[in-house]
């Protein structure tokens, strides 16, 4: 038999151009493994969050079913403020009391997910009602709100509301967490300004479980202006109807006012200008020729333009037609001016 010789295998080094690609492949492999690890952690965290949301939503709904069963059975006693055996406060039963008295569904856990205990509140509505005229409003919510790792988590709370099978969940209003909203309804947050709140709410004993509320309406009036003023004064007020049909009317408030005092009276007219009398007509020419047919000591009619007068006749200084002067200061041989000249 021929003896077999052992062969030695010698590993040849990779060519230089292949060494770089091998390093890159190793880096990619490490990255893929790391990504799978991180992705796995993220996927697991998301899965756990979904489970918490689902479990808490179901727990709150079961708590609401328990509260409804209790309220329906004891409606008359609650409406009339009567005592109920096994309950220290009929309008605020604890989950332990409800379970002990057989109102909870079979196998119900007294705590919601994350060990959050449910609070039950039953109130007569609207405020001030009495007896059978009231509606019983039921609220069920986790004490202290919704937390995640010990910190309030509004996003988780919103997801729980969306996951509730009954659809009775109310969320905190964004920007106004003290107000809860559902569709176009609103109500006060029992946890104050805590935004990480989930409240299941319903009403028993009436058909007033409407999910819509009429929008706010407005009334308008014009009250006019004070005496002597001009313009207008317009006012408005709100009219709010709640889900019970109760109407609340606000006070009147002015939204437009342009009343203005009357303008001052016009100034009196200016006085008329003074009347200027025309100057008196000028005296006739200072000299004139005497009439040739003069008669001494008589008067002769003289005419100058539109003026005429009877003047003493000229007394000639010579025995011929002469000239006299119109000088009223001279007498005897002068001609005087007409009246007014």
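The values are calculated or read from the model by the stated rules, or taken from the named source; none is laboratory data. Not measured: the values here are computed from a predicted model. Quick reminder, even Gly has a Cβ in these numbers, built from the backbone with ideal geometry, and neighbours come from all protein chains shown.
So here's what we get for this one:
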| item | result |
| --- | --- |
| Looking only at region 195-218, and only at residues there that are within 29 Å of the chain's Cα centre (by Cα) and either modelled with pLDDT of 90 or more or buried (at least 20 other Cβ atoms within 10 Å of the Cβ) (or both), the one that is farthest from residue 70 (Cα to Cα) | 195 |
| Residue in region 129-146 that is under 14 Å from residue 53 (Cβ atoms) and out of contact with any strand residue (DSSP E or B) (no Cβ under 6 Å at 6 or more places or on another chain) present | yes |
| Members of region 223-272 that are surrounded by 10 or more Cβ atoms within 10 Å (Cβ to Cβ), under 17 Å from the mean Cα position of the chain (by Cα) and assigned to a loop (DSSP other than H, G, I, E, B) | 250, 252 |
| Helices (runs of 4 or more DSSP H) wholly inside region 1-117 that include at least 1 residues being out of contact with any helix residue (DSSP H, G or I) (no Cβ under 6 Å at 6 or more places or on another chain) and modelled with pLDDT under 65 | 16-73 |
| Residue that is nearest to residue 121 (Cα to Cα), among those in region 173-193 that are in a strand (DSSP E or B) and touching a strand residue (DSSP E or B) at 6+ places or on another chain (Cβ under 6 Å) | 187 |
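Quick grid of which residues meet (1) over 22 Å from residue 69 (Cα atoms); (2) modelled with pLDDT of 90 or more; (3) loosely packed, with under 14 Cβ neighbours inside 10 Å:
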| site | (1), (2), (3) |
| --- | --- |
| 133 | no, no, yes |
| 138 | no, yes, no |
| 150 | yes, no, yes |
| 156 | yes, yes, no |
| 161 | no, yes, no |
| 165 | no, no, yes |
| 172 | yes, no, no |
| 176 | yes, no, yes |
